[in-house]
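Everything below concerns the one structure shown next.
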Amino acid sequence: MGNFGNKTLDTHVRLMYYFYMDAPKTLQAAIAYFADPQRAFEAAVNFRWPGGNVTCPRCGQAKNSFVRTRRIWFCYVCKKQFTVKVGTIMEDSPIGLDKWMTAFWMLANCKNGISSYELAKTLGIRQNSAWFMLHRIREAMKSSPDFQFGGNEGGPVEADETFVGGKIKNTHRKHVRSKYRGQPVGGSSTKAVVMGMLDRELRQVRTKVIPNVKRDTLQNEILANVSKRSTAYADDAIGHFDLAEKEFVHETVNHLQEYVRGQVHTNGIENFWSLFKRTLNGTYVAVEPFHLDRYADEQAFRYNNRATKDNPLNDTDRFALLMSQVGGRRLTYAQLTGKGTHTLCHPEAGPGPEEPF
Ligand SMILES: [Zn+2]
């Protein structure tokens, strides 16, 4: 039986029983399956309320009546209607569930992602709409980890960071180290630093765009994500591992070791970077630093839920997992484009093209 991080596939299959009974297995089958509006609707309801107990997204109460002809519910407590999209990343979207389902399927399963141009063409919608959809789906792909890597047993964890974008586009930090070390991201800069950590036993990756590669910044990420008993492996070139012999690191991440041989390497996380760069270079050519976090979340979702010998997940499983994460999340256009109150606003961020073709 497979695992979705710390959730078991068994639980998923049980909850999604009705979907799994006749679930599509390929993209082609998924498009045909969800082209039926009633089926797309039923699948969305099934994922939104797995037990079948439809609760109001506003008040959480289950006192409602269903208006079958319009596929809406009326909440007796709020005296308001709601659809299956309310309270999910699809809220306020005029795009039909049939198209949403296909888009979820594609982003969950296309190894190198899917550009907004390609999605627009597939679904017959505008590129701008497809761009917004994809970013909302990335929001659903974001993991919300409530545990530290390494765990109580102090398992092995790799940590590494990489540069993406601008003049030093997609360059591993070891090639730019001396020139760019410690420079902040943002302002006139177009490059970004992504920090990544890999739990070797869980085979899970976590990523985060960080403002610089200063020691404190890197150490704080490790402190937040890695348990103190863990063995952390990392390249010693960057600041945090210059501190290997200092008290601070000894107190936090024990057994810090330099890159040498055997178990002491960062090959796992570097492999993740190469997959990420391939997606960025091949599919999302002009990514704004402001949005980079979401592209990393997307890549991490597919990586963390990839099929392995011990965990033979398929496309249907990844789709089902993603669908189980659409509720309780929102990403508005204003937040996305930085026209709202979002503090990380990049002045040029907007629904621009991701690729020149
Ligand atoms: Zn209500």
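Please treat every number below as a calculation from the coordinates, not as lab data. All values reported here derive from a predicted model rather than from experimental measurement. Please note: Cβ atoms are built from the backbone with ideal geometry, for glycine as well, and neighbour counts cover all protein chains shown.
What's the extension gain from residue 67 to residue 25 if we count 0.36 nm per residue and subtract their Cα-Cα distance?
12.0 nm
Kindly give the semi-axes, whole Å and largest first, of the ellipsoid equivalent to region 19-178, taking each as the square root of 5 times a Cα gyration tensor eigenvalue.
Square roots of five times the eigenvalues give 36, 23, 16 Å.
Which entries in 25/99; 111/191; 191/228 show an alpha-carbon gap greater than 26 Å?
191/228
Order of 57-63, 82-88 by packing, highest average Cβ count within 10 Å first?
82-88, 57-63
For region 108-120, take each phi angle, set θ = phi - 60°, evaluate the Karplus expression 6.51 cos²θ - 1.76 cosθ + 1.60, and give the result in whole Hz per residue in order, putting x for glycine and proline.
5, 10, 6, 3, 9, x, 9, 6, 5, 5, 5, 5, 4
For region 59-122, what is the per residue volume of the convex hull drawn over the alpha-carbon atoms, in cubic angstrom?
Measuring per residue, one finds 110 Å³ for the Cα hull of region 59-122.
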